[in-house]
1. The range 31-67: which trypsin sites (Lys or Arg not before Pro) are DSSP loop and have at most 13 other beta-carbon atoms within 10 angstrom?
2. Starting from the Cα of R56, step 7 Å along the direction of its Cβ; do the same at R29; then give the gap between the two resulting points in nm.
3. Once you have a ≥ b ≥ c as the square roots of the Cα gyration tensor eigenvalues for the range 5-50, tell me rounded if a/c is under 1.5, and otherwise prolate or oblate according to whether a/b is larger than b/c.
4. Whole-Hz ³J(HN,Hα) for each residue in the range 41-57, computed from phi via Karplus 6.51 cos²θ - 1.76 cosθ + 1.60 with θ = phi - 60°, x for glycine and proline: what do you get?
Amino acid sequence: MDPDFELIAKVRQIHADTRGSYGSRRMSRKLRQDGCDVGRYRARSLMKKAGVSVKRRRKFKKTTDSNHEHHSDRGSQYSGAEYQKLSEQYGMACKMPFLR
């Protein structure tokens, strides 16, 4: 029987409790809090034996359209030619509500 059997069971339990977010550093810290004398490299080998690994964070994916429109209800302030030119230069479409 493997002498690490109890530790491997603890590692699997911690992995399940944290939904796979603990790497060897945090795993060793948690095991030490539970009373086991385990360092980072030992935690890493226990994780390998247990067949668990850290879930990698996904790369940020931009899902919004960067084609923004500028809405304004202050028509006189934003209707100037210079402001319109700058808005066009930076790719912003100025949408102003008209009062009737």
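1. On the way: sites: R32, R40, R42, R44, K48, K49, K55, R56, R57, R58, K59, K61, K62; in loops: K55, R56, R57, R58, K59, K61, K62.
Those that pass, being in a loop and sparsely packed, are K55, R56, R57, R58, K59, K61, K62.
2. Once both label points are built, they end up 2.3 nm from each other.
3. Details: a/c = 1.22, a/b = 1.16, b/c = 1.05.
In terms of gyration-tensor shape, rounded.
4. Here the 3J(HN,Hα) series is 6, 5, 4, 5, 5, 5, 5, 5, 4, 6, x, 10, 8, 6, 6, 7, 6 Hz.
Just so you know, all these numbers are worked out from the coordinates, no wet-lab data involved. Model, not experiment: these values are computed from the prediction. Note: ideal-geometry Cβ built from the backbone for every residue, glycine included; neighbour counts use all protein chains shown.
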